[in-house]
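The structure under discussion appears below in the form of structure tokens.
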């Protein structure tokens, strides 16, 4: 009766889709099956926090992902809010129960020696205008950590070869940041600019362009990067964002401080950048396990 009342509430008062209602039904019936197996005298009205906590622990011990446990606990919390609102229960036994934190997926990145092989090896890029431009694109992702949208939207005026800096527009409100680059990237930039045109180009002209001066489409850059990374790595994720992750991981592996990497990446919060410290630690563990005789 209580479950039916809740599902009717979701369907007719909240306008929830059949799929949403079905999800709630599956989660709540799973809990009902759990508590009845635990103690067949229990009811929705007599459930306490300990029973709900026991369910959460059982789900985690059974290998369920934290995201799945969070979803089921959220369904249970919503159900009890409804019961409390309608006067079916006097308290919400799961209100103060904290669900497990969602797992943070470590970002994929390309190993440093593979990037060196791609950027410095012979025959990795075609000896044409497109090939030299694409070589620069991959190098710029790896050496500056730009996002795909930031790179394709660069204009001629945004690249200061003299100061060796990029002016990057990012995020809501068109925020700007200045990103430095080194001599290796400057060399590739000079080669590329030398092939652009002999006529003076407008400052607002796209920096990365086709032979006819049209701005490159993100889809082209994404597919090109995937193809080029496939020459040096067999990993499934091969994208401009993987190169951004690779930039951050390489910087931290070479003792850059977290705050500096945050500014270079254009992150709003330091917590967003901190995930890369987990990546570098995982690399350290691999080195330890490979090198130490008692690992």
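For the reader, a short list of remarks on this structure follows.
- All conditions in (1) within 29 Å of the chain's Cα centre (by Cα); (2) surrounded by 17 or more Cβ atoms within 10 Å (Cβ to Cβ) hold for residue 60, with the sole exception of (2).
- Condition check for residue 109: in a loop (DSSP other than H, G, I, E, B), surrounded by 12 or more Cβ atoms within 10 Å (Cβ to Cβ) and either out of contact with any strand residue (DSSP E or B) (no Cβ under 7 Å at 6 or more places or on another chain) or not assigned by TED's automatic domain parsing to the domain that holds residue 239 (or both): yes
- Residue in segment 138-146 that is in a helix (DSSP H, G or I), more than 26 Å from residue 250 (Cα to Cα) and in contact with a helix residue (DSSP H, G or I) (Cβ under 9 Å, 6 or more places away or on another chain) present: no
- Options 76, 119; residue that is surrounded by 14 or more Cβ atoms within 10 Å (Cβ to Cβ) and in the same structural domain as residue 236 (by TED's automatic domain parsing): 119
- Unmet criterion (only one of (1) surrounded by fewer than 20 Cβ atoms within 10 Å (Cβ to Cβ); (2) in contact with a helix residue (DSSP H, G or I) (Cβ under 8 Å, 6 or more places away or on another chain); (3) at pLDDT 95 or above) for residue 133: (1)
- Residues satisfying the stated conditions in segment 268-295, i.e. at pLDDT below 75 and not in a helix (DSSP H, G or I): 292, 293, 294, 295
- Set side by side, the residues 252, 265, 231, 258 differ, and just one is modelled with pLDDT of 85 or more and over 20 Å from the mean Cα position of the chain (by Cα), which is 231.
- Among (1) part of a helix (DSSP H, G or I); (2) at positive phi - the single one residue 123 does not satisfy: (1)
- Per the listing 178, 191, the residue uniquely in contact with a helix residue (DSSP H, G or I) (Cβ under 9 Å, 6 or more places away or on another chain) and either outside any strand (DSSP E or B) or assigned by TED's automatic domain parsing to the domain that holds residue 221 (or both) is 191.
- For segment 40-57, filtered to residues that are in contact with a helix residue (DSSP H, G or I) (Cβ under 8 Å, 6 or more places away or on another chain) and free of Cβ contacts under 8 Å to residues at least 24 places away in the same chain, the residue that is surrounded by the fewest Cβ atoms within 10 Å (Cβ to Cβ) is 54.
- Members of segment 150-168 that are closer than 21 Å to residue 262 by Cα, surrounded by fewer than 17 Cβ atoms within 10 Å (Cβ to Cβ) and touching a helix residue (DSSP H, G or I) at 6+ places or on another chain (Cβ under 7 Å): 164, 167
- Boolean, residue 114 is out of contact with any helix residue (DSSP H, G or I) (no Cβ under 7 Å at 6 or more places or on another chain), assigned to a loop (DSSP other than H, G, I, E, B) and farther than 18 Å from residue 32 by Cα: no
- Checking 196, 211 one by one, the residue that is part of a loop (DSSP other than H, G, I, E, B), touching a helix residue (DSSP H, G or I) at 6+ places or on another chain (Cβ under 9 Å) and without any contact (Cβ under 8 Å) to a residue 24 or more places away in the chain is 196 and no other.
The values are calculated or read from the model by the stated rules, or taken from the named source; none is laboratory data. Treat the numbers as computed from the prediction; the structure is a model and nothing was measured. Positions of Cβ are generated from backbone atoms using ideal geometry, with glycine treated the same way; all protein chains shown enter the neighbour counts.
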